[in-house]
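Peer 1: I'd like to ask you about the structure that follows.
Coordinate-derived values only; no laboratory data. If you're wondering where the values come from, they're calculated on a predicted model, not measured in any experiment. Every residue, glycine among them, receives a Cβ derived from its backbone with ideal geometry; neighbour counts consider all protein chains shown.
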Amino acid sequence: MYQYKVKGTHFHDKKELLRHLIVRDNVGNLTIEFQEFRILFLSLNPNTLPMKTAKLLSLNILLLFSLLITAIVNPVSSYAQAVDKSDPSPLKFPTPKGIANQLFYLQRDPNTNTIICELNADKNGEVDRKEPILVYWIRYGDEGEKKDLSYIQKKFAYGIQTKEIGKDHYELRFVSHKKLPMYLLKSEHDKKFHVYVTVNNKKIQLDRIFVRIEGGSFWLPNVKYVELKGVNTENNAAVLERIKV
C-alpha cells in the first residue's frame with residue numbers, strides 16, 4: 001500500500017492526501033481552489049513500493065504541483081491585468097438595497113442620485129414584452145425618494161430602447177449611447193433574468209454602471225470614462241471594466 005507523509009501525517013493514497021491539502025483562498029477578486037505548498041516532507045515508503053513506480057508517482061506529484069503553482073502565479077488573464085483606478089469620483093455612492101427585481105443601477109457625478117433599472121414582470125414572473133425594463137430614480141439627495149425620469153431625461157439621456165429578439169430575450173440600448181448593446185435574458189444557471197454586456201472580449205452579467213463626469217452641461221457633459229461592474233460569465237468572478245468615451 002502506498003504511503004505518503006506530509007507534516008508528520010501519513011496517508012494511504014493520493015486521494016486522501018489531496019483531500020487533506022485542498023484549501024480555499026482569494027487572489028484579488030478571484031476565488032480559486034489550489035493545493036497548499038507548505039509541505040515539509042513528502043516521501044514514498046520504499047519497502048512497499050517498487051523504485052520505478054515510486055519515481056513515476058513522484059514525477060506525477062511534482063507535475064501536479066508545478067501546474068498548480070503556474071495557475072496561482074499566472075491567474076486568468078482578465079485578473080492579471082491591473083484595473084485602472086485612476087481619477088476616481090470624489091463622491092461616496094450608496095448601494096441600492098431592497099429592490100426585488102433590480103437588474104442593475106447607474107450612478108454618475110455630480111451627485112449620488114441613482115438610476116435603477118428594474119425588470120418589469122408580473123407576480124407570476126412574466127415579463128412585459130412591450131416594456132421589459134423600468135427605469136427610474138432613487139434620489140438619495142432627497143431622502144431616497146423614488147421618482148420617474150423626466151421626459152427630457154428619458155428621451156435624451158437615461159431612457160433605454162428595447163427590442164425583442166427572441167423568447168425571453170431582449171436587446172437594450174441607452175438612448176444616449178447606442179453603440180453599446182446590452183441583452184436581457186434568463187440565465188440557464190439560476191433561471192432569473194439578468195442583463196449582459198460584452199466589454200473587452202468579456203461577457204459580463206451587469207450589476208453597476210458608473211459614469212465619471214467632470215464639468216460640461218446636461219447636453220454636453222464631459223464624460224471621462226464609463227465603468228461596468230459585474231460578474232465574468234466565463235469564470236463567475238467579479239470584474240470591473242473601464243471604457244474611455
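Peer 1: In which sequence would 217, 176 go, from the one with the fewest C-beta neighbours within 10 Å to the one with the most?
Peer 2: Ranked by crowding around the Cβ, least crowded first: 217, 176.
Peer 1: Right, next: List the residues of region 218-245 whose backbone N lies under 19 Å from a point placed 7 Å from the Cα of residue 198 along the Cα-to-Cβ direction.
Peer 2: It comes to 228-237, 239-244, nothing else.
Peer 1: For the pair residue 124 and residue 83, what calculated FRET efficiency results from E = 1/(1 + (r/R0)^6), where r is the Cβ-Cβ distance and R0 = 41 Å, to the nearest 0.05?
Peer 2: Result of the calculation: an efficiency of 0.55.
Peer 1: Simple spin-label model, 7 Å along Cα-to-Cβ: residue 179 to residue 236 in nm?
Peer 2: The modelled label-to-label distance comes out at 3.5 nm.
Peer 1: Multiply the residue separation of residue 244 and residue 225 by 0.36 nm, subtract the distance between their alpha-carbon atoms, and state the gained length in nm to one decimal.
Peer 2: Using 0.36 nm per residue and subtracting the Cα-Cα distance, I get 6.4 nm.
Peer 1: Could you work out how far apart the two model spin labels at residue 169 and residue 186 are, taking each label as a point 7 Å from the Cα in the direction of the beta carbon, and quote it in nm?
Peer 2: With each label placed 7 Å out from Cα toward Cβ, I get 1.3 nm.
Peer 1: Which whole-number percent gives the relative contact order of region 102-243, counting Cα pairs below 8 Å spaced six or more residues apart?
Peer 2: 17 percent
Peer 1: Please compute the net charge surrounding residue 171, taking Lys and Arg as +1 and Asp and Glu as -1 over other residues with Cβ under 11 Å from its Cβ. The partial results should precede the final answer.
Peer 2: Numbers: positive: 163, 173, 178; negative: 164.
Cβ neighbours under 11 Å give a net charge of +2.
Peer 1: According to the Cα gyration tensor, what semi-axes, each the square root of 5 times an eigenvalue, does the equivalent ellipsoid of region 145-245 have, listed from largest to smallest in whole Å?
Peer 2: Ellipsoid half-lengths, sorted descending, are 25, 18, 12 Å.
Peer 1: Moving to a separate point now. Of 163/191; 192/224; 92/191; 167/203, which ones are farther than 30 Å apart at the Cα?
Peer 2: Pairs exceeding the cut-off: 192/224; 92/191.
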